[in-house]
Structure formats: structure tokens, C-alpha cells
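The values are calculated or read from the model by the stated rules, or taken from the named source; none is laboratory data. Bear in mind that the values here come from a model prediction, so they are computed numbers and not experimental data. Cβ sites come from the backbone with ideal geometry, for glycine too, and all protein chains shown count toward neighbours. When the accessible area is computed, the model is the full protein with side chains, heavy atoms only, and any ligands, DNA or RNA have been set aside. Shrake-Rupley method; radii C 1.70, N 1.55, O 1.52, S 1.80 Å.
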Amino acid sequence: MLKVVSFLIIVFIMQRVGAQTSTLALADSLYAVGDYHKAIQIYEKQDSLSASVYQKIASAEQARGDLNKALKAYEKSIQQNSKLVVAKANYGKLLRRTYQYQKADSVYTELIQQYPQNPDFQYQLGLIKEKLKNSEAYQFYEKAIQEDATHQNALYELASFYYQKKEFKEAENLTQKALASAPKNIKMQLLSALNAYSQRDYSSALKRYQKVNQLGYTSESVYEKLGMCYYQEAFITKAIEAYQHVLKLNAENASAHLYIGKLYLHKEKLEEAEKHLLMALLLAKPK
């Protein structure tokens, strides 16, 4: 009789476990297709919420934009299992995104103590230190690059740091190092072009801004700088075209009107020059 009872208990437990596994699989599939709310409802109906389930709830809440609920779910997940590294890392990132920099600093400092050779942890702590106005933030980017020489985000932040300090040679080395492994990195291409432009190396800047354009990125600022590069390199027609692109994006850009006016003077198109120079004058003065 005892054996029969034991067998029935085991069967019951297996059925419960099987049912729970199937409902979790359903919730996971809903999460995978972006139906986060329904996935969360199923996760929360489990008999007992494990650390991994709380982690899934946190991820789903974050995906649907409820960051406060996501933080609470991450906290419950970590309380149940402090060894969940992914949950801790995502929790730290979310703390940074919600401006809780001191808490985020504590989370990533602890993670780095456990995993000092993880480059992304070093990078994340660098971002947090920057927000805390810690002058040693760049050192964490350097550590990230020591562990992963092609870590694009760390390379970008460190190159930006050197650019802001006007240490253009260091910034150049880092941008070129990054672009060697990821030539389509738009942010790095822009920084590389700006670095050359700031040194008045218009020939190099022109090629780099052309590359940015070829990659499909356009903006008022890029076209303005392209116009200046063409102007400095004496490509008058190309410079006019670039500044006209600026005006398509912002018809009230006084600087673009001014340079188009100057360029039309070079081409001796006086009527066009006058029109743009007058527009520059009108836009530059208060009404």
C-alpha cells in the first residue's frame, strides 16, 4: 500500500512539474513574439516564482517599458539567487538608465570584483563613473579594451574622452583601431571625421564625411561640415550642393545661406549670391 501511495505522489508531482514546464514554455513563446503583457501574466501565475522566473518577468517588463516594475522583479530575482550574473548585470544597466548611479556603481563594482576580466562590466562601470563625474572613468574604458581590443563602445568612449581633451593623436589612433574591425560603425566614422575636421585637415575630413554619407547617415551638421570641406578644397559646385542639402533640412540656417552666397560670388552668379546673402543677414539679425 505504501508503495502505491508513493507512486501516486510521484506521478502527481511529475504532472504538476510537467504542467508548470508547459505553461512556462507558453510564456517564453509569447515573450519571444513580443506579447510581453500576456507572458508576464502567465509567469506570475506559477505556483512558486523562482529567481529565473522573476528574471524573465523583469526582462518582459523592461521590454514593454515599465522600468520600475522591471527593477523590482530584478531585485526579487537577485534576492533569491545572488549568483544570477545576467540578472545582476541587467539590473545595474537599468539602474543607470533610471539615473540611480550610486546603486548602479555598487552593482558593477561587485561584479568586477567577481569577474575582473569581463570587458563589458569594465565598460559599464566607466559609463556610470562618468555620470558620477568621476575623472577616472576613462580608466575603466582602458581596462575594457585591454580585455577586448575591439570593444567598439569602449573604444568610442575613450576616443571621445581624448577628443574632448584635444588630444587628437590619441583620438585618431583609437578611432582608426575601431574602424579597422568595424568600418560601418557610424558613430566612430563621425568621430573620426570630426577629429580631422577640428584639426583643419579638410582633405581627410572630406573623405570621412563622404564615407558617412555613403553609409546612409545624413544630418544638418554633416552636410554643413561637408560643405566647408568642399569649400576649403576648392570644390565650389559640390560645396553649394552640400549647403543646399543643409537648407532642405533647415531653411533658416543662416550660416548655410552665407556660404552659398559666398560660393555664388566665386562663380559670379551675382543674383543668386545676393539672394542668399540677404537671407543670411535677415536670419542672423533679430526680427
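Rounded to the nearest 20 debye, the dipole size of the chain about its Cα centre is 380 debye, using +1 on the Cβ of Lys and Arg and -1 on the Cβ of Asp and Glu. Across the options 154, 78, 126, the greatest Cα extent toward the positive end of the charge dipole of the chain (unit charges at beta carbon of Lys, Arg, Asp, Glu) belongs to 78. Reachable aspartates and glutamates from residue 56, Cα under 18 Å, same-chain residues fewer than 8 places away excluded? Straight-line reach from residue 56, under 18 Å: 28, 35, 44, 47, 66, 75. Which pairs in the list 93/169; 177/211; 133/187 are over 20 Å apart, alpha-carbon to alpha-carbon? As for pairs spanning more than 20 Å Cα to Cα, those are 93/169; 133/187. In terms of overall dimensions, the stretch 222-287 has a Cα radius of gyration and Dmax of 11.0, 35 angstrom.
The stretch between residue 44 and residue 26 holds 5.2 nm of extra length on full extension. This uses 0.36 nm per residue minus the Cα-Cα distance.
Along the axis of the charge dipole computed for the chain (Cβ charges of +1 for Lys and Arg, -1 for Asp and Glu, origin at the Cα centre), the listed residues 101, 29, 265 are led at the positive end by 29.
Here the accessible area is traced with a 1.4 Å probe on the protein chains. For the stretch 136-179, carbon and sulfur cover 42 percent of it. Helical runs assigned H by DSSP (4 residues or longer) give the chain a calculated mean residue ellipticity at 222 nm of -25500 deg cm²/dmol, each run adding -39500 (n - 2.57) before division by the residue total.
If R0 is taken as 30 Å, the Cβ-Cβ distance between residue 170 and residue 117 corresponds to a FRET efficiency of 0.80.
At an R0 of 45 angstrom, the distance between the Cβ atoms of residue 180 and residue 37 translates into a FRET efficiency of 0.55. For residue 132 and residue 278, a Förster radius of 51 Å and the Cβ-Cβ distance give a FRET efficiency of 0.55, rounded to the nearest 0.05.
Restricting the stretch 33-133 to chymotrypsin sites (Phe, Trp or Tyr not before Pro) that sit in a DSSP loop and have at most 10 other Cβ atoms within 10 Å of their own Cβ leaves 99. State the label only: which of (i) 15.8; (ii) 22.1; (iii) 17.1 corresponds to mean projected area of the Cα convex hull in nm² computed from the shown model? Of the listed options (i) 15.8; (ii) 22.1; (iii) 17.1, (ii) comes from this structure. Inter-label distance, residue 250 to residue 68: 3.7 nm, where each label sits 7 Å from its Cα along the C-beta direction. Solvent exposure of the stretch 16-81 amounts to 56 Å² per residue of accessible area, where only protein heavy atoms count and the probe is 1.4 Å. Electrostatic bookkeeping for residue 203 treats Lys and Arg as +1 and Asp and Glu as -1; over the other residues with beta carbon under 15 Å from its beta carbon, the sum is +3. Across the stretch 142-255, the fraction of Cα-Cα pairs farther apart than 22 Å, rounded to a whole number, is 36%.
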